[in-house]
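The values are calculated or read from the model by the stated rules, or taken from the named source; none is laboratory data. Since this is a predicted model, take the numbers as computed values, not measurements. Positions of Cβ are generated from backbone atoms using ideal geometry, with glycine treated the same way; all protein chains shown enter the neighbour counts. Only protein heavy atoms, including side chains, enter the accessible area calculation; ligands, DNA and RNA are left aside. Shrake-Rupley method; radii C 1.70, N 1.55, O 1.52, S 1.80 Å.
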Amino acid sequence: MASFSDIGTAAAINILSAIAFLIAFAILRLQPFNDRVYFPKWYLKGIRGTPTHSGAFVNKFVNLDCRTYLRFLNWMPAALRMPEPELIDHAGLDSAVRKCLAIILRTEDNASSKLPVRFEACSDVDLVFRKVDQKCHLLKLFVPVALLAFAVLVPVNWTGDSLEHTRNLTFSNIDKFSISNVPSGSQRFWAHIVMAYIFTFWAFFVLYKEYKRLTNLRLHFLASENRRPDQFTVLVRNIPPDPDESVSEHVEHFFCVNHPDHYLTHQVVRNANALATLVEKKKGLKNRLNYYQNKYDRNPNKKPTTKKGFLGLWGETVDAIDYYTLEIEILSKEEATERERVLNDPNAIVPAAFVSFKSRWAAAVCAQTQQSSNPTTWLTEWAPEPRDSIANIEGIEKVFPFLKVLVENKVTKSVVQGFLPGIALKIFLILLPTILMTMSKIEGYTSLSSLERRSAGKYHLFIIVNVFLGSVVTGTAFEQLKKFIHQSATDIPKTIGVSIPMKATFFITYIMVDGWAGIAGEILRLIPLIIFHLKNAFLVKTEKDREQAMDPGHLDFASSEPRIQLYFLLGLVYSVVTPILLPFIIVFFGFAYLVFRHQIINVYDQKYESAAAFWPDVHRRLIIGMIISQLLLIGLMSTTGLKLSTPFLLVLPILTITFHRFCKGRFEAAFVKFPLQEAMVRDTLERATDPNFNLKSYLQDAFIHPVFNGGEIDKPLAFDEEENNPLVLTKRNSRRNTPNQSKHGSEIGSEAGPQ
């Protein structure tokens, strides 16, 4: 069992590690040659350029201005200085909400009232964003809980003196602060039950206010957004096959009949993965050709050369310009052949399409209603933001068949079985988020945001079972093994109930190592720093290469949010059982908020914007954490000998589930549906302010595969060009004389009506 001195030693080590990381970061970020590592977001926005320094050559790499080192910690106030509205405009609503999640439902004060330019004309949005900056309640959930727990529960636990009178039980002084130190059957346990109710209702209040705030924030954010293609477009899946029409013709026919006044155009989904690979390879060759052409232009007297081998490191030496010109010509022919195949091969078209409408209102109606009498066909949903769409259609295949012969070797087999399992487990834990993301792709999700939300759910379940429950149960069993062996089976549940709070020392250490030092390592960005300089030294040939060498990364929702949920769960579980853990949780959330705010402003490049559509999933997992903590408290209190404790505590999970259902019914619709009223207001306002806008050309290429941008592709006519024709042209053959119902039936489309 860890004692106060052990915890103090661990805290000192982790605090020193965190300080070392922060000092290293503060110094490295000042060096000119690291500028693209620590400020990539500003480069991507075109606001920041490569630092230029006059004087000594060393100034290009090292900052020799001693005055800047005296202000090396100014990044901290700078990270807090940007007001919330400006942060939302700079990084997006998703990033702002995820940053708030890092400290659990936090709101700010003393924020500037200056709003981003695009919101200045909308007073309602201004009002909502200003509300975000009110009420300085840092760590609104856990700070009051910690204060109340230390004022009430810590004295109750410390004066219990139960552990000192229990024989053959391993404990330390720190365990005297836990509920385990209260004697069995003591009336002191009512203090814990009352505090459990108070903490639960406080959590209800905070979660309700946060859900309500984010709902209003999301609606106003959507109302203030600039025009985007996904606002007018739905994704249609499970398009039934038709023997007489292609997928594109079938889609056009269906929506011309069923949405005659609103259908505008569509784009079928094509499997162009092979073509995308060729295009990407051709871009790389063109970049190298540009590099050698520029090199030759600077020195025409010397022809640049390269080697045909890997990365030009070995092989036959040839003229670089002629070599890459020839390679590009060969690849261009392959690309043209593959492009022709994709455009003309019916098998390259998948049964899905992006269908665009003349108004947001029409798109909202289509996305939120059933299109066919067969509920398994013509499935519609809002089209993801173009950045959020998954362009590639990936498959799974078996790899590494060549390892079979190698593994069958006896020596190799011994190494594999005796040494690699531990390494494999560590690698598995590192790769787990990627594995879960791949599993979610197999399930058929069509956007990065939905994939990350689904993967986060799987990762959250893994963390609860493997990290939390696994650590509690396994650790308790081994630490109390001696007592288990020498006691009757009926006493084992009581021993487990007493021992569970003692795992708080393990989780305190876990929070310091994974939380404090881990967050400090996040801001240092050591791996991206090394990779950037390796690329810069060996792969960067042009300024475009240097831009591509930057790795701004992003706030990975699929892995970061479940980690936050784990700390939230630990705080809930131990707030009543062992309150001394709460200060470590609070320090983590505060530090995480500061670091993530800095990274969102200066580093992370947001992949997509979902307007906080993930919050219902976050709220549900918060509720799951509350229920788990309540069930564990019920199990623990059942071993204390206090009568009526279980009936009183059973009410808590019932209340929590009821609260969740209330919030779900009250707010969730705003995160999955778009109000028709809001859509009509936006459409009316836009028609009045920009009546001549060509929506058709704006939407025509929004959702085609990236490899077709700027290229030729078959495009359907917009229906407004045919709206004067009451009949919809179709290639479908007449089936009037068919004696029996066709096997396609309504699968072909209910728009044909009875024959």
Note to self: Sort 614-625, 238-249 by packing, meaning the average of other beta carbons within 10 Å per residue, with the highest value first.
What the structure shows: 614-625, 238-249
Margin query: Can you give me the distance in nm between label points at TRP314 and ALA24, each placed 7 Å from the Cα along the Cα-to-Cβ direction?
Written below: 3.5 nm
Item checked: Peptides 459-467, 583-591, 333-341 ordered by average Cβ neighbours within 10 Å, highest first -> 583-591, 459-467, 333-341
Checklist line | Full-stretch length increase - TRP202, LEU80 - with 0.36 nm per residue and alpha-carbon distance subtracted | finding: 41.2 nm
Item checked: Theoretical FRET efficiency, 1/(1+(r/R0)^6), r = Cβ-Cβ of GLN368 and ASN301, R0 45 Å, to 0.05 -> 0.05
Next item on the list: Compute the length gained on full extension between LEU431 and LYS212: take 0.36 nm times their separation in residues and subtract their Cα-Cα distance, giving the result in nm to one decimal.
Entry: 75.2 nm
Margin query: Taking 0.36 nm per residue of sequence separation and subtracting the Cα-Cα distance, how much length would be gained by fully extending the chain between PHE506 and ALA274, in nm to one decimal?
Written below: 78.5 nm
Margin query: With the crude spin-label approximation of a point 7 Å out along Cα→Cβ, what separation in nm comes out for ARG661 versus LYS283?
Written below: 5.1 nm
Checklist line | Net charge dipole size for the stretch 256-325 [Lys, Arg +1 and Asp, Glu -1 on Cβ; Debye, nearest 20] | finding: 400 debye
Item checked: Greater than 29 Å apart at Cα, pairs in LYS281/LYS535; LYS212/LYS696; LYS307/LYS544 -> LYS212/LYS696
Next item on the list: Just list whichever of LYS45/LYS140; LYS458/LYS673; LYS45/LYS303; LYS295/LYS607 have alpha carbons separated by over 32 Å in the model shown.
Entry: LYS45/LYS140; LYS45/LYS303; LYS295/LYS607
Notebook entry, point to check: How many nm is it between the label spots at THR68 and ILE13, if each spot is 7 Å from the Cα in line with the beta carbon?
Noted result: 3.6 nm
Checklist line | Å² per residue, accessible surface of the stretch 197-285 at 1.4 Å | finding: 36 Å²
